[in-house]
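J.: After the C-alpha cells below, expect a handful of questions from me.
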Amino acid sequence: MTLIVTGGTKGIGLAIADHMAAPGRRQTLVYHSDEAAAAAARAQLEAKGAVVTLVRADIGLRDEIERIMGEVEVEPGHPTCLVHSAAMIYPTSVLAADPETFTQAMQVNGLSLFHLVQAGLPLFGAGSSIVLVSSAGARTNSANYAALGVGKAMAESLMRYLAPELAPKGIRISAVAPG
C-alpha cells in the first residue's frame, strides 16, 4: 500500500501516518512550511521501517496538488490510500473575515478535496481509499470557527457527491470528524 497524508507531519495526520507505518510501506507526507516538524516526522516513521517522501506544498493551490501527485511513488498492484488531514486554521466569524484569507481557507479546507481526487485518480485503483479528516464544526456553529467549519462542510458535501462516482471504480471515500 502507498499512503499519502496531507498535513502528515503534525497532529492527527502524523498520528495516522505513524499508525500506518510498516517496514517497506511507502508514505508521502505533505506539509506546508514547518521543516523541523517534517524532518522529525520522517525520522519517526523511518524508525518503523516506512519509506518516507516529504513534499512541501500549498494544498490550496491546484498546480501544487498536481505536483504532489506527480511525486507520489505508487507500489504497482497495491491500493493507494489518501488521508486528507491538512487544514488552514483562521479563527474568525463570517462577517469579520478578510475576504482573501477566507477564500484561501475555503481552498485549503474544502475545495482541495476536489483537486486531490481529480489529480490523484490515476493513482487510485480498485481497493484504494480516500479519507477526509473533517470536523464537528462542519455541522455545528462555534464562535470564530467559520473558516474551518464552512470549508470542512464543503469538503463533506463534495465527498457525498464523489462517493457514487468512485464506487464503480472500487474506490472508497469517507470522512471522520475527530473531537
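J.: Once neighbouring chains are kept in place and the probe is 1.4 Å, which whole percent of the accessible area of the range 5-156 is contributed by carbon and sulfur? Walk me through the numbers before you get to the answer.
T.: On the way: 3990 of 6840 Å².
Percent of accessible area from carbon and sulfur atoms in the range 5-156: 58.
J.: Still on this structure, please answer the following. Going by alpha carbons, how many degrees (0 to 90, nearest 10) lie between the helix axis of 62-71 and the longest principal axis of the chain?
T.: Once rounded, one gets 10 degrees.
J.: Also, I was wondering about something else. Once ligands and nucleic acids are excluded and a 1.4 Å probe is used, how much of Arg139 is accessible, expressed in Å² to the nearest 10?
T.: It works out to around 140 Å².
J.: Then there's this: Springs between alpha-carbon atoms under 10 Å, Gaussian network over the chain: tell me which of Leu166, Leu121, Leu54 tops the mean-square fluctuations.
T.: Result: Leu121 has the largest fluctuation of those listed.
J.: So what's the angle, to the nearest 10 degrees on a 0 to 90 scale, between helix 11-20 and the longest Cα principal axis of the chain?
T.: 20 degrees
J.: Once the Cβ-Cβ distance between Asp98 and Glu66 is put in as r, and R0 is 41 Å, what FRET efficiency do you end up with, to the nearest 0.05?
T.: Values: r = 27 Å, r/R0 = 0.67.
E between Asp98 and Glu66, to the nearest 0.05, is 0.90.
J.: Something else now. Give me the net charge for the shell around Thr140: Cβ to Cβ below 14 angstrom, other residues only, Lys and Arg +1, Asp and Glu -1. Intermediate results must be reported in sequence, preceding the final value.
T.: On the way: positive: Arg139, Lys152; negative: Glu156.
After counting each charged neighbour, the total is +1.
J.: 222 nm [θ] for the chain, helices only, -39500 (n - 2.57) per DSSP H run of 4+, per residue, to 500?
T.: On the way: 6 runs with 70 residues, N = 179.
Computed ellipticity for the chain at 222 nm equals -12000 deg cm²/dmol.
J.: Among 73-83, 89-99, what's the highest-first ranking by average C-beta atoms within 10 angstrom per residue? Kindly include the intermediate steps, with their values, before the conclusion.
T.: Values: 73-83: 16.5, 89-99: 12.1.
Going from most to least packed, we get 73-83, 89-99.
J.: Also, quick follow-up: How big is D, in µm² s⁻¹, for the range 1-65 by Stokes-Einstein at 4 °C and 1.567 mPa s if Rh is the Kirkwood radius over C-alpha pairs?
T.: On the way: Rh = 11.4 Å.
Answer, rounded: 113 µm²/s.
J.: Can you list the HN-Hα couplings for the range 147-154, worked out from phi with the Karplus curve (6.51, -1.76, 1.60; θ = phi - 60°), rounded to whole Hz and with x for Gly and Pro?
T.: Per-residue couplings from phi come out as 5, 7, x, 5, x, 5, 4, 4 Hz.
J.: May I ask for the equivalent-ellipsoid semi-axes of the chain, computed as the square root of five times each C-alpha gyration tensor eigenvalue and listed largest first in whole Å? Intermediate values should be presented prior to the final figure.
T.: On the way: eigenvalues 135, 74, 39 Å².
Semi-axes (√(5λ), whole Å): 26, 19, 14.
J.: If you don't mind, another one. Let me know the charge dipole size of the chain about its Cα centre in debye, to the nearest 20, where only the beta-carbon of Lys, Arg (+1) and Asp, Glu (-1) is charged. Provide the component values of the computation, followed by the final result.
T.: On the way: 13 positive and 15 negative charges, 106 e Å.
For the chain, the charge dipole is close to 520 debye.
J.: Tally Lys and Arg at +1 and Asp and Glu at -1 over the other residues with C-beta under 12 Å from the C-beta of Gln27: what net charge comes out?
T.: Details: positive: Arg25, Arg26, Arg42, Lys48; negative: Asp18, Glu46, Glu73, Glu75.
Once positives and negatives cancel, what remains is 0.
J.: Please compute the length gained on full extension between Glu75 and Ala37, using 0.36 nm multiplied by the number of residues separating them and subtracting their Cα-Cα distance. Intermediate values should be presented prior to the final figure.
T.: Values: separation 38, 0.36 × 38 = 13.68 nm, distance 2.61 nm.
Roughly 11.1 nm would be gained on extension.
J.: For Lys48, which aspartates and glutamates qualify as cross-link partners when the Cα separation must be under 16 Å and same-chain residues fewer than eight apart are set aside?
T.: Asp18
J.: While we're on this one: Could you provide, to the nearest whole Å², the per residue accessible area of the range 38-179 with probe 1.4 Å?
T.: On the way: 6940 Å² over 142 residues.
The answer is 49 Å² per residue.
The values are calculated or read from the model by the stated rules, or taken from the named source; none is laboratory data. Worth saying up front: this structure is predicted, and the values here are computed from it rather than measured. Quick reminder, even Gly has a Cβ in these numbers, built from the backbone with ideal geometry, and neighbours come from all protein chains shown. To get the accessible areas, we keep the full protein, side chains included, count just its heavy atoms, and leave off ligands, DNA and RNA. Shrake-Rupley method; radii C 1.70, N 1.55, O 1.52, S 1.80 Å.
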